[in-house]
Amino acid sequence: HAMMEDGAAAEEEAYVLRLPLPLAARVRELMQAPGATREMAMHVQFVEQPGFVAGRLARVRIGEDYFPATLMDLPTVVESAKSVDGMSYYKCGHVSQMLVVSEMMMTPAPPPSYVARDGLTPPARGIRDFWAANQPINPHGGEGTAEVERVEAKLKRILDGQGGPLDDEPPSAAAGAQPAASVAAGERALLFPRAA
């Protein structure tokens, strides 16, 4: 860890590098060559280009060839760890971005969003869509507030013994409604079943 001026340990900044399989094999081969350094095998340089958000487009040199890359935000935060001896690990930071390298030599079009749809592992595939679909409706305003208030009022009437789950209004206003006590008892039995 690097130390900050006040003596606290500074957290390292890191991102995941995602390479196509042929490029990953090439980087591995270059780094394992005798006398090779990381700078000789690969170098990343962020560049500015119209249409891209500043700091999101990079040029990656692998050997003597250059490839475009886009910096994407991960849908989840990943903890990173280091080891000195290969047996005990310590947490050294959080990773929230991924540099996606393209195998094409030409710069791709800017993505519509700089947030990756999938996480890093198979269980995190489509996690962004899953997470967005399971977000609760905002009870403090915005879209869906009227529906929440209507359901809350309906549930309160059911628990107070004034209406069934399918009624939109109290049973006194509905024609041929059951007595409130029997509806309430039946509904409470559905909502709160007794343990046998």
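Applied to the range 117-122, the Karplus parametrisation 6.51 cos²θ - 1.76 cosθ + 1.60 on θ = phi - 60° returns per-residue 3J(HN,Hα) values of 6, 9, x, 8, 10, x Hz, with x for Gly and Pro.
Highest mean first, the peptides 44-57, 66-79 sorted by other C-beta atoms within 10 Å per residue fall in the order 66-79, 44-57. Simple spin-label estimate for VAL84 and GLN32 gives 2.8 nm between the two label positions (7 Å along the Cα-to-Cβ direction from each Cα).
No value in this document is a laboratory result; all are computed from the given coordinates. This structure is a prediction, so every number in the text was calculated from the model and none was measured. Neighbour counts are summed over all protein chains in view; Cβ atoms, including those assigned to glycine, are modelled from backbone coordinates with ideal geometry.
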